[in-house]
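Beneath this line is the structure, given in structure tokens, with notes to follow.
The values are calculated or read from the model by the stated rules, or taken from the named source; none is laboratory data. For clarity, every value in this text was computed on a predicted model and none was experimentally measured. Ideal geometry is used to build each Cβ from the backbone, glycine not excepted, and the neighbour counts take in all protein chains shown.
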Amino acid sequence: MSRPNYNDLIAFVTVAREGSFTRAAAQLGVSQSALSHTVRALETRLDIRLLTRTTRSVSLTEAGERLMATVAPRFDEIETEIAALSELRSRPAGTVRITTAEHAAITVLWPKLTPMLPVYPDVKVEIMVDYGLTDIVADRFDLGVRLGDSVAKDMIAVRVGPDLRMAVVGAPGYFERHPVPQTPQDLVEHDCINLRLPTYGGLYAWEFEKDGQSVNVRVQGQLTFNSSTPRRRAALAGFGLAYLPEDMVLDDVVQGRLVRVLDDWCETFPGYHVYYPSRRQASPALKLVIDALRYSPGDGSAP
């Protein structure tokens, strides 16, 4: 009895993940026509349509979605097991892909990975800054780094940073023209520097809590950004109030470049966690990165 050939399944999974025969063909190193023929042969063998093709896109049929959900994780597990064979080598090797937000990349990933990388030159790290709640399985990331309360329940989560606080800040010149807000509700009368996040479907509502009372305020202003650094710069330039991680502006407050307000309304919340699928076998390189990122109280304020 002949052994089954799974190349057609690999071809199907690649097309489904890329959403394009052109990109999938380039990834597999075959021609687009050869790849199309392989997928059609699979559909003929299974006697069911797996993909819906148009001139502009490729999408999964119901059968295709079912096959993808069943087969793709198995191939990922095989790839991980093969990568794990690097344990037989003297040094861990491979690429670890991480999706994270800008603040975590700057304050957690960079300071913790820089001492490790020179020691393990065969380990490569790819960091993608993204404010959406990325599906790390579908997008083929090894790790995600997000706030503790943003991690899906079916993931293994490892704490990598201390609890955090936010701060409302503005330049001294701004407060020469505007009164100091006394409550979060006063912010609606101020020029505020907004944040747009894909996970919120629009502008982020500033979140406050005091004595068990939670208040969310939707602010208005002339400027909107989708990351932290330009919001800090805009606040320093006097364009309005910004709502930023405390550690990002603490030095500015100490030096008098920014003035902090509503401090008693900014309580701590769970810090950053690294997460990954519970069913995935961690490769030596992945374990090395996770251990390097792992939080201990000596890294900063206690959780």
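So the values come out like this:
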read-out	value
Hey, residue 157 touching a helix residue (DSSP H, G or I) at 6+ places or on another chain (Cβ under 8 Å), assigned to a helix (DSSP H, G or I), modelled with pLDDT under 95 and of a type in the set (A, V, I, L, M) or not	no
Count - residues of the stretch 104-130 that are in contact with a Lys or Arg (Cβ under 9 Å, 6 or more places away or on another chain), under 15 Å from residue 274 (Cα atoms) and touching a residue at least 40 places away in the same chain (Cβ under 8 Å)	3
Close pairs (7 angstrom Cβ cut-off, 6 or more residues apart or separate chains): closer than 16 Å to residue 295 by Cβ in the stretch 133-146, modelled with pLDDT under 90 and of a type in the set (S, T, N, Q) anywhere	144/134
Filter result for the condition that a residue is surrounded by fewer than 20 Cβ atoms within 10 Å (Cβ to Cβ), hydrophobic (A, V, I, L, M, F, W, C) and touching a residue at least 12 places away in the same chain (Cβ under 8 Å), over 249, 274, 259, 254	259
Those residues of the stretch 211-229 which are part of a loop (DSSP other than H, G, I, E, B), within 17 Å of residue 266 (Cα to Cα) and under 27 Å from the mean Cα position of the chain (by Cα), in sequence order	218, 219
Residues located in the stretch 89-109, provided they are assigned to a loop (DSSP other than H, G, I, E, B) and surrounded by 13 or more Cβ atoms within 10 Å (Cβ to Cβ)	91, 92, 93, 101
Any hit, the stretch 203-210, residues being assigned to a loop (DSSP other than H, G, I, E, B) and on the phi < 0 side of the Ramachandran plot	yes
Residue within the stretch 110-123 that is assigned to a helix (DSSP H, G or I), touching an Asp or Glu at 6+ places or on another chain (Cβ under 9 Å) and buried (at least 17 other Cβ atoms within 10 Å of the Cβ) present	yes
Lone unmet requirement of (1) crowded, with 16+ Cβ neighbours inside 10 Å; (2) under 24 Å from residue 137 (Cα atoms); (3) free of Cβ contacts under 8 Å to residues at least 60 places away in the same chain for residue 36	(2)
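The rows are residues; the columns are (1) touching a Phe, Trp or Tyr at 6+ places or on another chain (Cβ under 7 Å); (2) polar (S, T, N, Q); (3) surrounded by fewer than 20 Cβ atoms within 10 Å (Cβ to Cβ).
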| position | (1), (2), (3) |
| --- | --- |
| 134 | yes, yes, yes |
| 145 | yes, no, no |
| 178 | no, no, yes |
| 228 | no, yes, no |
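Each row is one residue, and each column tells you yes or no for (1) surrounded by fewer than 16 Cβ atoms within 10 Å (Cβ to Cβ); (2) of a type in the set (A, V, I, L, M, F, W, C); (3) not in a strand (DSSP E or B).
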{"residue": "231", "(1), (2), (3)": "no, no, yes"}
{"residue": "244", "(1), (2), (3)": "no, yes, no"}
{"residue": "282", "(1), (2), (3)": "no, yes, yes"}
{"residue": "288", "(1), (2), (3)": "no, yes, yes"}
